[in-house]
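Since every read-out is calculated from the coordinates, none of them should be taken as a lab result. Computed from a prediction, not measured in an experiment: that's the story for all the values here. In this analysis, Cβ positions are derived from the backbone assuming ideal geometry, glycine residues included, and neighbour counts consider all displayed protein chains.
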Amino acid sequence: MDGLLQLAHRQTRLRHAAETLRLAGPLAVAQLAQMAMGLTDTVMLGALGGDALAAGGLGMMLYISVTILLQGMLTSVSIVVAQARGAGDDGAVAPAYWAGLGMSLLLSVPAWAVFSLSGPLLRAAGQPAELVRDTAAYMDVLRWATPGTMVGIGLMRAYLPAIGQGAVLLWVALAAAVANGVLCWGLIHGAWGLPAMGMAGSAMATVLVMTGMAAVLLAWLHGRPALRRFAAWRRPEAALLRRMAGLGLPVTGTFAVETGLFLAISLLIGQLGAAPLAAHQIALSIASVSFMIPLAIGQAANVRVGNRVGAGDAAGARRAGLVAIGLGAAAEAAAVAVLLLAPGTLAGLYIDPALPANAEALATAMTLIGIAAAFQVADGMQAVAAGALRGLGDTRVPFGLAAAGYWGLGFPLAWWLTGPMGAGPAGAWWGLAASLLAVAVALTLRFLRQSSRLVS
């Protein structure tokens, strides 16, 4: 009898794993395609020299930090829709979509304002004058990508998987990656009759691609007869808006403390010079590629746990979350081997190792890649655990745990190791590693506790 129970539990876990991977697969490919866009930009900027790579990388870090922060509000769309569909209440889906669309457009306004003030903000942060000048010029172009990013990535990445349409994100993202590569090369160098814009050409390519991506996804959602019930106009009621704000604001806070930490680390390293900052951008880009897989699994966990909660299946919600956390850890464990075996090869994809001027950046990047290997598993676990907790509708306490881990531990340790201890960029990254480990443990324990209460 015990053997039969163990076999049933194993089959249940395998089913949860298969369903999670089926949902996460297209999202992971879509996000990797998006990362390929960033990789393309980084490589092409690196060909212009270390200064261009440092300025463009810092500008993109600022852009990603602010847009991801604001996209936290839009995760409430996924939570509400997943739970509604799990409960069989499709009538609650369209109002959540229209609320999310309105939020995405409104949130573009403060983001655009921040990007317009990037020069004064970076000067106030103590960045070198030449770096400030180049980064501000880059942001003057990149800021126009904000509405497309908020709708095409922020809203659609939350909404489409929750209504079973996540696969379209894959194909649109792949097309966008190809278009970005062509436009980036053409606009930087003036190929194919396009204007030669230098570093700003990379930013313009992002503007065109993000705007096009949003337009295609909106056309898909509103143009397909099978999806009309999910996009038909339904004015959101005040109670729904209050619920979405209550769910989204803590997630925004969580994103703020996490992306704020990465931005602060970039600014901390930027004070050390262009070569350390370029090395930081290279290592961060490489680590971010592997992170796309657990990030997709976390999004799948959000939907699957939310569906089970809406259906009243507490045990299923717990199993779905735990299996997803295990999958996230396994995916990042595989990435660790790659980072440890080929740090020089990976860094060499971004910057020419044959040029003596790149020697410092290359050596530092290899050191940081080794440190990245130390926190990959923890990073994957915290991303998936956060997604599973959002599926439960638990967003406030995870915000507090993230704030304590990233800013109570991570940044003070990074500052101390980098400055007083003189460990340089490596010290900043060890502080980052410690914070990710602490948050991973805290969020996983939180999910275990909260899901156990549902079951009991």
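The value for the chain of Rg(Cα) / (2.2 N^0.38 Å) is 0.96. Between the Cα long axis of helix 93-116 and the first principal axis of the chain there is an angle of about 20°, rounded to the nearest 10.
Full extension of the chain between ALA215 and GLU237 gives 5.3 nm of extra length, using 0.36 nm per residue less the Cα-Cα distance.
Summarised as an ellipsoid, the stretch 250-316 has semi-axes of 36, 14, 5 Å, derived from the eigenvalues of the Cα gyration tensor scaled by 5 and square-rooted, with the largest first.
How far is helix 359-391 tilted, in degrees, relative to the longest principal axis of the Cα atoms in the chain, given as a value from 0 to 90 rounded to the nearest 10? Tilt of helix 359-391: around 20 degrees. Projected label points at ARG224 and ALA423, each 7 Å from Cα along the beta carbon direction, are separated by 4.8 nanometres. The packing ranking, built from the mean of other Cβ atoms within 10 Å per residue, places the peptides 441-448, 323-330 in the order 323-330, 441-448, highest first. Computed from Cα positions, the angle between helix 2-46 and the longest principal axis of the chain comes to roughly 30 degrees.
Using the Cβ of LEU445 as centre and a radius below 14 Å, the other residues enclosed give a net charge of +3, where K and R count +1 and D and E count -1. Rounded to whole numbers, the Karplus 3J(HN,Hα) couplings from phi for the stretch 122-133 are 6, 5, 5, 7, x, 6, x, 4, 5, 5, 4, 4 Hz, using 6.51 cos²θ - 1.76 cosθ + 1.60 with θ = phi - 60°, and x at Gly and Pro.
Take every Cα-Cα pair in the stretch 362-456 and report what % of them are more than 19 Å apart.
The calculated P(r) of the stretch 362-456 puts 46 percent of pairs beyond 19 Å.
The Cβ shell under 15 Å around ALA373 holds other residues with a net charge of -2, Lys and Arg each +1, Asp and Glu each -1. Here the relative contact order of the chain, from alpha carbon pairs under 8 Å that lie six or more residues apart, stands at 22 percent. One chain, two ends: ALA196 and ALA333. Fully extended at 0.36 nm per residue, the span grows by 45.1 nm beyond their Cα-Cα distance. Projected label points at ASP140 and GLU360, each 7 Å from Cα along the beta carbon direction, are separated by 2.8 nanometres. Electrostatic tally near LEU217: other residues with Cβ closer than 14 Å to its Cβ, Lys and Arg +1, Asp and Glu -1, net +2. From the helices alone, meaning DSSP H stretches of at least four residues, give me the mean residue ellipticity at 222 nm for the chain, per-run term -39500 (n - 2.57), in deg cm²/dmol to the nearest 500. Taken over the chain, the calculation gives -28000 deg cm²/dmol.
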